[in-house]
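Here's the structure, in structure tokens; my notes come after.
The values are calculated or read from the model by the stated rules, or taken from the named source; none is laboratory data. All of these numbers come straight from a predicted model, not from anything done at the bench. Cβ placement follows ideal geometry from the backbone for every residue including glycine, while neighbour counts extend to all protein chains displayed. Note: areas computed on protein heavy atoms with side chains; ligands, DNA, RNA excluded. Shrake-Rupley method; radii C 1.70, N 1.55, O 1.52, S 1.80 Å.
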Amino acid sequence: MKYINSDKFDHQQDEKIGVLITNLGTPDAPTPKKLKTYLKEFLSDPRVVEFPRFLWWMILNFIILQIRPKRSAHAYETVWTEEGSPLLTITQAQQEKLQAQLSDYHVEFAMRYGNPSVSSKIQSMMESGVRKLLILPLYPQYCAATTASTFDAVAKDFTQRRWIPELRFVNHYHDHPLYIQACAEQIQQFQQKNGEPDLLILSYHGIPKRYLTNGDPYFCECHKTSRLIAQALGLNENQYKTTFQSRFGREEWLQPYTDETMKSLPTDGVKSVQVFCPGFSADCLETIEEIAVENKHYFIDSGGEKFDYIPALNAEDNHIHALTEIAKTHLEGWQIQKEDRAQQKSAAKKLGATS
């Protein structure tokens with residue numbers, strides 16, 4: 001087997017501890033061609049679509065990838081900024097702020113699908129001397145389709161390396177007190193400026209219901225997050241509602257669906273709503289376009305009077321503080337090993353090493 005090597009390796013290199021934050025990903029540009037590349041990687045992941053592989057390959061390549069890229073490209077165009085993809089620029093801002101808080105560590109960010117890839121970032125971090133690595137996926141609630149898929153990408157990369165770093169992996173933080181506090185403060189600050197609604201909607205990305213029945217804890221963790229946020233805000237069970245968005249395909253997904261909820265609420269006497277998405281650590285297509293535009297239309301067109309979208313936690317200071325403390329907890333006990341690197345290098349060269 002041929003392993004990943006680097007001409008930048010140096011036996012005299014000082015050891016570092018790294019933190020790699022990850023998010024789902026984004027196309028490189030809002031064009032059908034770039035969307036096709038991105039969607040093919042994303043929807044080919046067996047963690048994302050649990051379906052017989054050959055049959056799914058036929059559906060994906062001969063139907064979905066012939067239709068969806070053009071439609072998705074138009075949606076991405078509506079959220080694209082001068083800096084590029086919102087998810088990419090926000091995640092980069094999160095990384096920069098985390099690096100400032102974790103100054104003793106090497107902090108980077110990667111995307112599970114698209115660029116910068118997990119493998120490319122692991123490579124650059126190891127070339128810089130990272131020998132202990134903490135992976136922090138920015139998915140508060142564990143789900144096999146997101147969190148476990150990130151682990152798959154890391155594990156696949158490690159199988160191709162001669163020298164792998166020590167590894168720690170954060171698989172959820174859905175009930176971490178500082179994360180809950182950040183969510184509650186984000187909602188409170190918005191309501192101080194915009195007033196309180198008849199109903200607060202906490203919308204999470206959906207998954208097929210069979211994933212839940214097969215043992216995925218995502219549904220339960222979403223509801224626990226909602227309960228804790230409601231407690232922090234002093235809300236009773238009639239003042240908030242948990243829903244699930246972004247369903248794809250014809251099978252049953254987690255319910256209640258966000259879009260159907262928006263269409264039915266006005267007939268139940270709810271005239272004003274605010275929507276917050278606790279499972280999205282950064283604003284992206286699913287929040288900026290799907291919630292703030294599409295679902296707003298559903299609500300208003302059905303008789304609602306006032307719809308507000310509360311921005312995701314993004315790179316807000318309270319969010320960065322929460323992520324910093326989560327990272328520090330998982331970094332406990334790791335220390336840089338101070339060794340005589342010059343002596344190591346000298347010994348290695350005597351045995352034929354070139355660096």
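For residue 112, the conditions (1) open to solvent by 30 Å² or more (accessible area, probe 1.4 Å); (2) out of contact with any Gly (no Cβ under 7 Å at 6 or more places or on another chain) all hold with the exception of (2). Looking across the stretch 143-184 at every residue that is among the charged types (D, E, K, R) and out of contact with any His (no Cβ under 7 Å at 6 or more places or on another chain), the one that is most open to solvent (accessible area, probe 1.4 Å) is identified as 162. Could you list, in sequence order, the residues of the stretch 73-87 that are part of a helix (DSSP H, G or I) and either open to solvent by 50 Å² or more (accessible area, probe 1.4 Å) or without any contact (Cβ under 8 Å) to a residue 60 or more places away in the chain (or both)? If the condition is that a residue be part of a helix (DSSP H, G or I) and either open to solvent by 50 Å² or more (accessible area, probe 1.4 Å) or without any contact (Cβ under 8 Å) to a residue 60 or more places away in the chain (or both), then 73, 74, 77, 78 are the ones that fit. Yes or no: the stretch 45-54 includes at least one residue that is aromatic (Phe, Trp, Tyr), loosely packed, with under 13 Cβ neighbours inside 10 Å, touching a strand residue (DSSP E or B) at 6+ places or on another chain (Cβ under 7 Å) and farther than 29 Å from residue 293 by Cα. No, every residue in the stretch 45-54 fails to be aromatic (Phe, Trp, Tyr), loosely packed, with under 13 Cβ neighbours inside 10 Å, touching a strand residue (DSSP E or B) at 6+ places or on another chain (Cβ under 7 Å) and farther than 29 Å from residue 293 by Cα.
Residue count for the stretch 298-321, restricted to those that are more than 25 Å from the chain's Cα centre (by Cα) and part of a helix (DSSP H, G or I): 4.
Could you tell me how many of the residues in the stretch 97-131 are without any contact (Cβ under 8 Å) to a residue 12 or more places away in the chain and part of a helix (DSSP H, G or I)? Residues that pass the stated criteria total 3. Against the conditions (1) at pLDDT 95 or above; (2) surrounded by fewer than 16 Cβ atoms within 10 Å (Cβ to Cβ); (3) not aliphatic (A, V, I, L, M), residue 225 satisfies every one except (2). Among the numbered conditions (1) surrounded by 21 or more Cβ atoms within 10 Å (Cβ to Cβ); (2) farther than 18 Å from residue 165 by Cα, the only one that residue 99 does not meet is (1).
Might you check whether a residue that is within 22 Å of residue 208 (Cα to Cα), part of a loop (DSSP other than H, G, I, E, B), in contact (Cβ under 8 Å) with a residue 12 or more places away in the chain and open to solvent by less than 50 Å² (accessible area, probe 1.4 Å) occurs anywhere in the stretch 233-245? No, because not a single residue in the stretch 233-245 is within 22 Å of residue 208 (Cα to Cα), part of a loop (DSSP other than H, G, I, E, B), in contact (Cβ under 8 Å) with a residue 12 or more places away in the chain and open to solvent by less than 50 Å² (accessible area, probe 1.4 Å). Taken together, the residues in the stretch 271-309 that are open to solvent by less than 20 Å² (accessible area, probe 1.4 Å), farther than 26 Å from residue 29 by Cα and of a type in the set (A, V, I, L, M, F, W, C) amount to 5.
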